[in-house]
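Each remark here refers to the structure printed beneath this line.
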Amino acid sequence: MQQQADTTGEVCILNRSNITSRFGVVFVIVLAISVCFMSLYSIWQKVLPNQQMIGVGEEITAGSALPPAIGNNVKLHLHSAGKLFSVDGVDYKELTFSPGEIKPVASEPGQLKMQMRLFGFIPLHQMTLNVVTAPRVIPGGQSIGILMHPEGIMVVGEAPVAKDGKKHYPAREAGIQVGDLILRANGIKISGESQLQDVIDNCGDSGKHVLLLVKHGGKTRQYKVKPMQCDKTGRFRVGLFVKGTAAGVGTLTFYEPASQTYGALGHIIADINSGQTINLDNGRIVDAEIKNLNPGRKGQPGEKMGVFKGTVDILGNIEKNTAHGIFGKLEKGINNPFFSQPVPVLMKNQIKEGPAEIFTVLNGSKTERFSINIERVLPGEEYGKDMIINVTDPKLLERAGGIIQGMSGSPVVQDGKLAGAVTHVFINDPARGYGVAAENMFIEVNLMNVKKKERLAS
């Protein structure tokens with residue numbers, strides 16, 4: 001009886017061991033699947049965009065380029081508030097389908113929601129599809145002179161006031177920092193360095209403080225600063241370096257005839273010393289002529305050296321200084337010898353890896369065409385970095401070394417359509433750099449009828 005009991009007890013122990021072992025295997029498998037799914041989900045969120053632009057009349061191809069192993073197990077659920085898409089001429093508000101099997105067509109401007117579902121029921125990714133009527137534009141390539149008058153004058157550095165053998169920083173001690181904008185001094189609107197110095201001298205001579213209205217981080221505040229007479233210069237100073245007008249040479253990207261809107265540069269204009277964005281009070285663009293080139297080399301960016309022509313071939317205002325370029329209105333249209341008529345615009349999802357062209361000026365005022373290769377279209381939304389481009393044209397490589405300063409804004413054209421603009425050069429490889437997608441430039445000036453803040457918030 002005892003032996004039987006022992007045997008029975010041993011059998012029970014072995015059964016529990018088997019159950020525990022099997023449970024462990026199942027747990028490991030579930031854990032592995034969960035880890036793989038979470039990894040896939042994390043990668044998915046980084047690779048797939050949250051937003052995509054689609055032109056009216058175009059097929060909705062989101063998800064069709066997925067690898068077969070994934071695409072075969074994914075269902076797309078498309079939803080809209082109105083009849084914004086159709087299949088074989090039939091309008092739909094809601095539809096679930098497999099990518100590649102059915103190709104819905106965007107019917108009219110509006111916003112669609114698309115959810116990707118793994119195995120048809122596990123939410124994997126959600127996208128907003130903005131259906132737009134894309135404008136037709138004339139690609140640029142012309143060199144422009146940029147004249148910007150900031151809102152006030154910018155503090156770009158500090159200069160100690162020498163007094164009694166010591167260094168003093170009156171403005172810093174009052175709370176003013178590099179990057180701040182000085183808007184008014186004693187109630188007077190300040191637009192230049194000499195104007196501010198006159199106010200400081202007058203206060204110093206009369207032994208009074210100067211009241212400075214300063215903008216910092218979008219907020220304004222008034223500071224009370226006591227001018228000090230410098231032993232070296234004999235002038236009254238507050239210990240600051242300031243800068244008023246900003247000027248430079250860039251490239252026009254496009255002109256949209258219907259609204260007379262232009263876009264240029266493809267990136268924001270910021271102060272070179274402080275890195276702060278220059279807030280516009282008023283600004284202009286004018287014709288520029290390229291006199292010389294400093295070719296780019298590894299570790300040393302090149303640049304265009306130009307002068308303002310003083311003619312009225314290109315003349316416009318600057319209304320916006322944004323992360324995707326500067327924008328405004330031209331007083332008259334532009335001519336491009338390579339395009340007799342306005343061209344369509346490529347949405348970012350339509351840009352392909354492969355050959356393309358850029359248009360820019362290397363000498364005088366002559367716009368030239370050069371071959372490039374779009375190496376990669378980047379899925380993220382880092383400003384000015386929607387694609388990586390590589391200069392392949394031997395003439396451009398020989399004359400400029402690749403991408404150089406002053407080339408920012410040079411239009412990128414693929415298959416006869418505007419894809420975007422050159423924005424940055426790789427310091428250690430001047431033949432390569434970044435470009436901004438044209439759709440992002442158009443959103444800045446509402447030429448796509450998509451509000452910027454709604455796009456970025458989703």
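The values are calculated or read from the model by the stated rules, or taken from the named source; none is laboratory data. The shown structure was predicted, so the numbers you read here are calculated from the model rather than taken from an experiment. Because the Cβ atoms are built from the backbone with ideal geometry, glycine has one as well, and the counts that use them run over all protein chains shown.
Structure summary
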| item | result |
| --- | --- |
| Filter result (surrounded by fewer than 19 Cβ atoms within 10 Å (Cβ to Cβ) and aliphatic (A, V, I, L, M)) within region 281-292 | V286 |
| All positions within region 208-267 that are in contact with a Phe, Trp or Tyr (Cβ under 8 Å, 6 or more places away or on another chain), assigned by TED's automatic domain parsing to the domain that holds L418 and of a type outside the set (A, V, I, L, M, F, W, C) | T253, Y255, E256, T261, Y262, G263, H267 |
| Region 316-343 - residue that is among the aliphatic types (A, V, I, L, M) and more than 17 Å from P257 (Cβ to Cβ) and, of those, modelled with the highest pLDDT | I326 |
| Where E439 falls short, out of the listed (1) part of a helix (DSSP H, G or I); (2) at pLDDT 95 or above; (3) buried (at least 16 other Cβ atoms within 10 Å of the Cβ) | (2) |
| Matching residues in region 103-154 - criterion: being among the hydrophobic types (A, V, I, L, M, F, W, C), closer than 17 Å to N349 by Cβ and in a loop (DSSP other than H, G, I, E, B) | A134 |
| Subset of region 301-315 that is assigned to a strand (DSSP E or B) and modelled with pLDDT of 90 or more - its residue that is surrounded by the most Cβ atoms within 10 Å (Cβ to Cβ) | K304 |
| Selection count, region 295-321, where residues are closer than 19 Å to A247 by Cβ and touching a helix residue (DSSP H, G or I) at 6+ places or on another chain (Cβ under 7 Å) | 1 |
| Residue check for V445: at pLDDT 95 or above, under 16 Å from the mean Cα position of the chain (by Cα) and under 19 Å from E256 (Cβ atoms) | no |
| In region 383-398, residue farthest from K352 (Cα to Cα) [restricted to those that are touching a strand residue (DSSP E or B) at 6+ places or on another chain (Cβ under 9 Å) and among the acidic types (D, E)] | D393 |
| Residue match in region 93-102 (condition: part of a loop (DSSP other than H, G, I, E, B) and at pLDDT 85 or above) | yes |
| Tabulated pairs, region 325-345, first over 18 Å from I358 (Cβ atoms), second modelled with pLDDT of 95 or more and not in a loop (DSSP other than H, G, I, E, B), C-beta under 6 angstrom, 6+ apart or interchain | I326/A264; F327/G263; L330/Y262; P342/V137; P342/I138 |
| Of residues in region 177-208 being surrounded by fewer than 16 Cβ atoms within 10 Å (Cβ to Cβ) and in a loop (DSSP other than H, G, I, E, B), the one modelled with the lowest pLDDT | G192 |
| Candidates K83, K75 - the one that is in contact with a Gly (Cβ under 8 Å, 6 or more places away or on another chain), surrounded by 13 or more Cβ atoms within 10 Å (Cβ to Cβ) and modelled with pLDDT of 70 or more | K75 |
| Neighbours by Cβ (under 6 Å, 6+ apart or cross-chain): first from region 230-259, over 30 Å from V343 (Cα atoms) and touching a residue at least 60 places away in the same chain (Cβ under 8 Å); second charged (D, E, K, R) and surrounded by fewer than 19 Cβ atoms within 10 Å (Cβ to Cβ) | D231/K163; G239/E158; V242/E193; G244/E193 |
